[in-house]
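The values are calculated or read from the model by the stated rules, or taken from the named source; none is laboratory data. Because the structure is a prediction, the values reported are computed rather than measured. Heads up, the Cβs are rebuilt from the backbone with ideal geometry, glycines too, and the neighbour counts pull from every protein chain shown. Side chains are part of the model used for accessible areas, which takes the heavy atoms of the whole protein and leaves out ligands, DNA and RNA. Shrake-Rupley method; radii C 1.70, N 1.55, O 1.52, S 1.80 Å.
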Amino acid sequence: MVDEVLSFLVEEPEAFVRRRHLALQRQGLSNTAIFLQLQAELAQRRFPAPAYTTRQLRRIIYG
């Protein structure tokens, strides 16, 4: 359990975006809703990531 928490805290923003996008997509959310959710979650992390635009999020996910 401790390892899981520590790995969450050191996760890079790009890895977080990819992981959360897949999880939210599996929940049936549209990409528009997913990108809004990702932007909100990134801002609330313990060490906030830079404010990514929708275009930047798409590039992280799709390359």
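Data overview
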item: Accessible carbon and sulfur surface of the chain relative to its total accessible area, %, 1.4 Å; result: 56 percent
item: Assigned charges on the beta-carbon of Lys, Arg, Asp, Glu; the chain dipole about Cα centre (debye); result: 320 debye
item: Radius 14 Å from Cβ of VAL17, net charge of other residues (Lys, Arg +1; Asp, Glu -1); result: +3
item: Per residue value of the accessible surface for segment 10-63 (all protein chains in place, 1.4 Å probe), Å²; result: 69 Å²
